[in-house]
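Visitor: Before I ask anything, let me first share the structure, which is written out below as structure tokens.
Read-outs: derived from the displayed coordinates by stated rules, not from any lab. Predicted model, so just to flag it, every value in this text is computed and none were measured. Glycine gets a Cβ as well: all are built from the backbone with ideal geometry, and neighbour counts include every protein chain shown.
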Amino acid sequence: MRKSLLGKSFATFVLLPFCLVMAFPFVWMLLTSLREQNTIFNGPIIPRKFTGSAYREAWTSIEFPLHFWNSVWITSVTVVGVLVFATLSGYAFAKLDFPFRNTLFVLLLTTLMMPSTALIIPLYLELKSFGLLDSQAGLLVLYISGSAPFAMFLMRAFFQTLPDELIEAARVDGGSELTIFRRVILPLTRPGIATVVIFQFLSTWNEFLIANTVLRNTDSLPLQPVLFTLMGQYSTNWPALTAGLTLSVVPVVIVYVRMQRQFVAGMMLGAVKN
Amino acid sequence: MASAQFFGTPLRKSQRVAGYLFVLPTFVLFLGFVLWPILYTAYLSLTSWGGFGAPRFVNFDNYSRMLHDPVARRALVVTLVLTGVTTAILTFLGLVTAVLVNVIWPKVGVVVRTILFIPGIVSFVVSAVLWKLIYDPNIGTLNRLLGAIGLDSLQHPWLADHKTVLPAIVVVTVWGGLGFNMLIYFAGLQGIDPNLYEAAAMDGANTVQQFRHITVPSLRIVTGLIVSLGLLNGFKAFDVIFVMTGGGPNHASEVLGTYLYSLAFGTTSGSIPQLGYASAFSVVTMVLCTLAVIAQLWLTRRADR
């Protein structure tokens, strides 16, 4: 399409109302979380008076800090674990030569198309037989094993962009493969790692189904299942409910805004290579 | 090739050993928590099991039961319809918004991209709860807005009516997924050679013709990817529906994921879990997802020609 002034004006004319509709739910969420509880039934859509009391209520009444911390902890361990597995295997698939390399790679990639709804029953039973049900350790194992292959796929695409000569030269100098990986490759991997970190952070922070199924003990729950129960608990206290939602979204927005560029770059990499 | 590697030089040998060692940890996790569950669920789908004692082998009974279970049929139809409609809308809107964002002033484009993308980074639980409040029949914002602009007659218990519950779910899914598709299409647009448009313009092609004969064909691979991701996401749909309607009212929004979940982990306390029957739905879901991926590979190969 030509980028004439006419085209630009037309695009603005169409996109502007569209963006308003898209942004509306979040704007409404913020406004509702800041209004007084007794004005949700009959007050105007934009409240006349703003108050932060709903945030105080959400923060204290459901042990919000505890679940928030659970989410931070579970997400961090998953990110680190996935990184360890994915950099090692991604590097091997990109730069090392070994029999059945492609077969193994394709086999591992089948993970990407297996949805957790389809695997939740056997995974639940498996954790149960290991005695890991209702423990964050069990949840972490499932998170890491379910996510490592996609991260591996991203890391492989990233490693492929590094020149082979780099590794050849280090081999001639007599470094073992592990030394080469640690000393030569890892220091260059930062952009790839950043991409994996943001992807993994978002998907683990937002995961609901597995956490809601394998954890029953309320104290160990991360945020998403808690938000779900909050919905029933606060079915009429919308300011407190939306305040809880807003608080849960803050880390995600911060990470996205700060790492937007890597995120988009990683998505392109994933999309193009797919 | 393979034999040359097997009897290769010492340099090659150390690479081989390192290669396997580096892949091993990921592969062990894969065997234990992906491959084994797939095989185990396939086995369970041929049994009848309440979770205690040994599973009883029943052959393909669960699958034939599925054909006679009205809820199962409903869930399959709803899954396919929701997936098809959502994928079509998401693909079309994704392309249109990407083209528009590409035309607009770059600085405005960044803002638009962010606004469209943010719904996709919050969890499905957050978006589902948010939209459930918006759809609320009594004090929901949608009904209040309709009332405020004089359209009281359109006010509706959106999620409680079996006629409107599916469109309401489609809206939420599109709202959350659009930004992702727009961004992938946007990246695809950057890869099209601008000379193509210039040449077409010189030949007298108008904007619509350029869009049809240059933009759409050039983006065929991207479209294949977006369609297949749309299908995958549709077949595995769970969170939004589970949170907003739980499959209701009266199974009107039941999909494979929510139905198998209620069979296995029953929301109604006291009912015996039907792990065998539920596993049959897992298998159906996996087959559908595999077909979606095969379709994409096929589309990509065709586009390459």
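Visitor: So what is the relative contact order for region B:131-209, in percent, with contacts set as C-alpha pairs under 8 Å and at least six apart?
Guide: 17 percent
Visitor: Related question: In chain B, which whole DSSP H runs stretch at least 27 Å along their own axis (Cα) and average -0.5 or higher on the Kyte-Doolittle scale?
Guide: Those that pass (Cα extent of 27 Å or more, hydropathy at least -0.5) are B:10-30, B:70-103, B:165-190, B:275-304.
Visitor: Set Lys and Arg Cβ to +1 and Asp and Glu Cβ to -1, take the dipole of the protein assembly as shown about its Cα centre, and tell me which of A:Val79, A:Leu247, B:Gly140 lies farthest positive.
Guide: So the residue furthest toward the plus end is A:Val79.
Visitor: Got a sec to turn the phi values of region A:87-102 into Karplus ³J(HN,Hα) couplings, 6.51 cos²θ - 1.76 cosθ + 1.60 with θ = phi - 60°, whole Hz, x for Gly and Pro?
Guide: After applying 6.51 cos²θ - 1.76 cosθ + 1.60, I find 5, 4, 6, x, 5, 4, 5, 8, 10, 9, 9, 8, x, 6, 4, 5 Hz.
Visitor: Which value in nm describes the separation of the simple spin-label points at B:Leu39 and A:Ser129, placed 7 Å from the Cα toward the beta carbon?
Guide: With each label placed 7 Å out from Cα toward Cβ, I get 1.1 nm.
Visitor: Apply the a/c threshold of 1.5 to the C-alpha gyration tensor of region A:47-111 and tell me whether it is rounded, prolate or oblate.
Guide: It is prolate, given that a/c is not under 1.5 and a/b is the larger ratio.
Visitor: Efficiency by 1/(1 + (r/R0)^6): what FRET value for A:Thr236 and B:Thr114, r their Cβ-Cβ distance, R0 = 25 Å, to the nearest 0.05?
Guide: So, using R0 = 25 Å, E works out to roughly 0.15.
Visitor: Give me B:His162, B:His68 ranked fewest to most by other Cβ atoms within 10 Å of their Cβ, as a rough exposure proxy.
Guide: B:His68, B:His162
Visitor: Amide H neighbours of B:Thr47 under 5 Å, at least 5 residues apart or on other chains, H built in the peptide plane: list them.
Guide: Long-range HN contacts for B:Thr47: B:Val58.
Visitor: I would also like to ask the following. Hey, any idea what the orientation-averaged projected area of the convex hull of the protein assembly as shown's Cα atoms comes to, in nm²?
Guide: Value for the protein assembly as shown: 30.8 nm².
Visitor: Hey, with R₀ at 35 Å, roughly what FRET efficiency would A:Leu109 and B:Gln155 work out to, going by the Cβ-Cβ distance, to 0.05?
Guide: E between A:Leu109 and B:Gln155, to the nearest 0.05, is 0.15.
Visitor: Same structure again: Average the reciprocal distances over every distinct pair of alpha-carbons in region B:146-273, invert the result, and give the Kirkwood radius in Å.
Guide: 18.4 Å
Visitor: Report the paramagnetic label zone for A:Asn38: residues of region A:212-250 whose backbone N is under 16 Å from a point 7 Å from Cα along the Cα-to-Cβ axis.
Guide: Those under the cut-off are A:237-239.
Visitor: So, R0 is 51 Å and r is the distance between the beta-carbons of B:His68 and A:Trp59; what FRET efficiency does that work out to, to 0.05?
Guide: Efficiency, from the Cβ-Cβ distance: 0.50.
Visitor: Can I ask one more? Give me the tail of P(r) for chain B as a percent: Cα-Cα pairs with distance above 24 Å.
Guide: 66 percent
Visitor: Treat every Asp and Glu Cβ in the protein assembly as shown as -1 and every Lys and Arg Cβ as +1, leave all other atoms uncharged, and give the resulting dipole magnitude about the Cα centre to the nearest 20 debye.
Guide: For this selection, approximately 800 debye.
Visitor: Determine, for each peptide in A:77-86, A:101-110, the mean count of other beta carbons within 10 angstrom over its residues, then list the peptides with the highest first.
Guide: Going from most to least packed, we get A:77-86, A:101-110.
Visitor: Give me the one-decimal nm value for the distance between modelled label points at A:Asn217 and B:Ala148, 7 Å along each residue's Cα-to-Cβ direction.
Guide: 4.7 nm
Visitor: Could you give the nm distance between label points at A:Leu66 and A:Thr12, where each point is 7 Å from its Cα heading toward the beta carbon?
Guide: Spacing of the two 7 Å Cα→Cβ label points: 5.3 nm.
Visitor: Over all directions, what mean area does the Cα convex hull of chain A project, stated in square nanometres?
Guide: Dividing the Cα hull surface by four gives the mean projection, 20.6 nm².
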